[in-house]
Amino acid sequence: MSGSYDESAGADDTMDSFWEVGNYKRAVKRVDDGHRLCNDLMGCLQERAKIEKSYGDQLTAWSKRWRQLIEKGPQYGSVERAWLAVMTEAERVSELHQDVKNNLMNEDVEKVKNWQKEAYHKQMIGGFKEAKEADEGFKKAQKPWAKKLKEMEAAKKTYHMACKEERLAAAREANGKTEASVTPDQQKKLHEKVDKCKQDMQKAKEKYEKSLDELNKCTPQYMESMEQVFDQCQQHEVKRLTFLKEALLDIKRHLNLTEGQSYIAIYRELERTIQAISTQEDLRWFSNNHGPGMPMNWPAFEEYNPDQAAAPPKKKKPDGAPPTPSTDHVAPPGDRSSVSSYEKNQAYSTEWSDDEQPAAYSGNENGGNRNSFEDDTISAKGVRVRALYDYDGQEQDELTFKAGDEFTKTEDEDEQGWCRGRMDNGQEGLYPANYVEPI
């Protein structure tokens, strides 16, 4: 349906005219529709508020996850700071969307609710006071005209019946003149019948014309009274439309983040951080910390010192080694606190609101979902294994399984005791190597 309308549309459709008896009901119904539309607007805003909150929560979760990955990853220097600034932008924008949600619920919805309560007054018997007053006003204005209309319709019906009888009588008289079986007395009676029908028809016509004249005389007063009641309905509708315009402008102001100085400042600061990236500074830092710029205790001649005994270096136990499984088939969770986030698959959380999950970044040409910093140790087919114990994944990239579950090991055990596997439902993740056995 087009957003515009034609004021003259339906003008020729007199059968559905406002002036027909009872057709004022549409004007009365507009009062009920106005109350319902307030409810619809509040429901619409509540749904938008949920979307704003969900988006803000997703931004926060995304920022937190990637901040950890970036901080643990190999990126360094001013580029790392700029990358982290993108996470800061997400956190600050998330706060703004939470503010949008609060403004929609606490200001806009409440404003509509309060106006609705003031504009529409419910009755004990149902319906609204404003609708009842309009209905009674239209009935009172229409009653005299409707009575005259009813009398005119009855007179018209009587006149049309008289016309029909006159035509039938004239037809019988004409037939009687052509038939030899009709006697002169019968022809006389047929003629008298025609004269009587004409007299009845004339009387009915005069009565019909009189009732129509009386109806036309009271029509101007009927129109004036109906228009007065309709104008009262229009005044109530003016208030509703004016309020909705103001309310929608407030909603637009709350939704339009680009007009706020805080929103502008976020991207001004982000651009400043990105523009501050210094290639030379980052290269110099890497050289001083991981390259030729590092200090070195070059070998030099040392005299023998009998007090110093050479001791073999101690081998450190990996912090992330999984615990020894218990014998009750419920194993305690492993500690992977020392495992770098870039040594794990960067699978996105399943708690996104969109139907499609974003694909994890892949640095290889085959479009795999492994992190580009991982060693390429995944076998082509994998090995089927069976769980010896229950395991409940402690992080998003860990598998959860019960003793006896079977799945595929896709990557061999690393130096800290973890393997990568894929469940039959397609889920991939890490699990303790000593919790399973080959099939």
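Can you pull out the residues in the range 120-175 that are over 30 Å from K188 (Cβ atoms), part of a helix (DSSP H, G or I), open to solvent by less than 50 Å² (accessible area, probe 1.4 Å) and in contact with an Asp or Glu (Cβ under 8 Å, 6 or more places away or on another chain)? Working first, answer last.
First, pick out the residues of the range 120-175 that are over 30 Å from K188 (Cβ atoms): 120-157.
Applying the additional criterion that residues be part of a helix (DSSP H, G or I) yields 129-157.
Keeping just the survivors that are open to solvent by less than 50 Å² (accessible area, probe 1.4 Å) gives 130-131, 134-135, 137-138, 141-142, 145-146, 149, 152, 155.
Of everything in the range 120-175, those that are over 30 Å from K188 (Cβ atoms), part of a helix (DSSP H, G or I), open to solvent by less than 50 Å² (accessible area, probe 1.4 Å) and in contact with an Asp or Glu (Cβ under 8 Å, 6 or more places away or on another chain) turn out to be A131, M152.
If you check S211, S181, which single one turns out to be of a type in the set (G, A, S), out of contact with any Cys (no Cβ under 6 Å at 6 or more places or on another chain) and farther than 28 Å from E20 by Cα?
Of S211, S181, the one residue that is of a type in the set (G, A, S), out of contact with any Cys (no Cβ under 6 Å at 6 or more places or on another chain) and farther than 28 Å from E20 by Cα is S181.
Filter the range 408-423 for residues that are open to solvent by 60 Å² or more (accessible area, probe 1.4 Å) and touching a Cys at 6+ places or on another chain (Cβ under 6 Å) and give the result.
E413
Is at least one residue of the range 47-54 more than 30 Å from T279 (Cβ to Cβ), open to solvent by 80 Å² or more (accessible area, probe 1.4 Å) and over 20 Å from the mean Cα position of the chain (by Cα)?
No - not one qualifying residue is present in the range 47-54.
Quick check: anything in the range 218-238 in contact with a Lys or Arg (Cβ under 6 Å, 6 or more places away or on another chain), open to solvent by less than 100 Å² (accessible area, probe 1.4 Å), closer than 21 Å to W19 by Cα and not charged (D, E, K, R)? Before you say what the answer is, go through the steps one by one.
The first filter runs over the range 218-238 and keeps only residues in contact with a Lys or Arg (Cβ under 6 Å, 6 or more places away or on another chain), leaving 218.
Pick out the ones that are also open to solvent by less than 100 Å² (accessible area, probe 1.4 Å) and you get 218.
Narrowing the set further to residues that are closer than 21 Å to W19 by Cα leaves 218.
If we keep only those that are not charged (D, E, K, R) too, we end up with 218.
Scanning the range 218-238 turns up at least one residue that is in contact with a Lys or Arg (Cβ under 6 Å, 6 or more places away or on another chain), open to solvent by less than 100 Å² (accessible area, probe 1.4 Å), closer than 21 Å to W19 by Cα and not charged (D, E, K, R).
K252 fails exactly one of the following numbered conditions: (1) farther than 23 Å from F138 by Cα; (2) open to solvent by less than 90 Å² (accessible area, probe 1.4 Å); (3) free of Cβ contacts under 8 Å to residues at least 60 places away in the same chain. What is the number of that condition?
(2)
Do any residues in the range 17-42 that are assigned to a helix (DSSP H, G or I) have Cβ atoms under 7 Å from those of residues that are open to solvent by 40 Å² or more (accessible area, probe 1.4 Å) and among the aromatic types (F, W, Y), where the two are at least six apart or on different chains, and which pairs are they?
From the range 17-42, the pairs are A27/F230.
Taking the range 55-78 as the search range and keeping residues that are outside any helix (DSSP H, G or I) and either within 30 Å of the chain's Cα centre (by Cα) or in contact (Cβ under 8 Å) with a residue 12 or more places away in the chain (or both), which one is surrounded by the most Cβ atoms within 10 Å (Cβ to Cβ)?
Once the filter is applied, the top-ranked residue is G73.
Just need a number here: residues in the range 390-439 that are of a type outside the set (S, T, N, Q) and not in a loop (DSSP other than H, G, I, E, B). Give the derivation first.
First, pick out the residues of the range 390-439 that are of a type outside the set (S, T, N, Q): 390-393, 395, 397-399, 401-407, 409, 411-415, 417-424, 426, 428-433, 435-439.
Filter once more, so that each one left must be not in a loop (DSSP other than H, G, I, E, B): 390-391, 398, 401, 406-407, 409, 411, 418-422, 428-433, 435-438.
Of the residues in the range 390-439, 23 are of a type outside the set (S, T, N, Q) and not in a loop (DSSP other than H, G, I, E, B).
One residue is enough: does the range 183-192 have a residue meeting the conditions of a type in the set (S, T, Y), over 24 Å from L241 (Cβ atoms) and either at pLDDT below 90 or open to solvent by 90 Å² or more (accessible area, probe 1.4 Å) (or both)?
So far as the range 183-192 goes, yes, one or more of its residues are of a type in the set (S, T, Y), over 24 Å from L241 (Cβ atoms) and either at pLDDT below 90 or open to solvent by 90 Å² or more (accessible area, probe 1.4 Å) (or both).
Quick check on the range 424-439: of everything there that is within 25 Å of W62 (Cβ to Cβ) and not acidic (D, E), which residue is most open to solvent (accessible area, probe 1.4 Å)?
Initially, the range 424-439 is screened for residues within 25 Å of W62 (Cβ to Cβ), giving 425-430.
The next check asks that each one be not acidic (D, E); those that pass are 425-427, 429-430.
Working: N425: 123, G426: 45, Q427: 83, G429: 1, L430: 11 Å².
By that ranking, first place goes to N425.
Please determine whether any residue of the range 79-92 is modelled with pLDDT of 95 or more, of a type in the set (S, T, Y), part of a helix (DSSP H, G or I) and buried (at least 18 other Cβ atoms within 10 Å of the Cβ). Write out each step before concluding.
Keep residues of the range 79-92 that are modelled with pLDDT of 95 or more, which gives 79-92.
If we keep only those that are of a type in the set (S, T, Y) too, we end up with 88.
Now restrict to residues that are part of a helix (DSSP H, G or I): 88.
When the remaining residues are screened for being buried (at least 18 other Cβ atoms within 10 Å of the Cβ), the result is none.
No: the range 79-92 contains no residue that is modelled with pLDDT of 95 or more, of a type in the set (S, T, Y), part of a helix (DSSP H, G or I) and buried (at least 18 other Cβ atoms within 10 Å of the Cβ).
Specify the residue that is most open to solvent (accessible area, probe 1.4 Å); the eligible residues are those in the range 392-407 that are among the acidic types (D, E) and within 36 Å of the chain's Cα centre (by Cα).
Filtering the range 392-407 down to residues among the acidic types (D, E) leaves 392, 395, 397-398, 405-406.
Filter again for within 36 Å of the chain's Cα centre (by Cα), leaving 392, 395, 397-398.
On the way: D392: 97, E395: 80, D397: 17, E398: 8 Å².
Once the filter is applied, the top-ranked residue is D392.
Is it the case, given these coordinates, that A276 is modelled with pLDDT under 95 and open to solvent by less than 100 Å² (accessible area, probe 1.4 Å)?
When the stated conditions are applied, A276 does not pass them.
The values are calculated or read from the model by the stated rules, or taken from the named source; none is laboratory data. Not measured: the values here are computed from a predicted model. Because the Cβ atoms are built from the backbone with ideal geometry, glycine has one as well, and the counts that use them run over all protein chains shown. Ligands, DNA and RNA are excluded from the accessible area calculation, which covers all protein heavy atoms including side chains. Shrake-Rupley method; radii C 1.70, N 1.55, O 1.52, S 1.80 Å.
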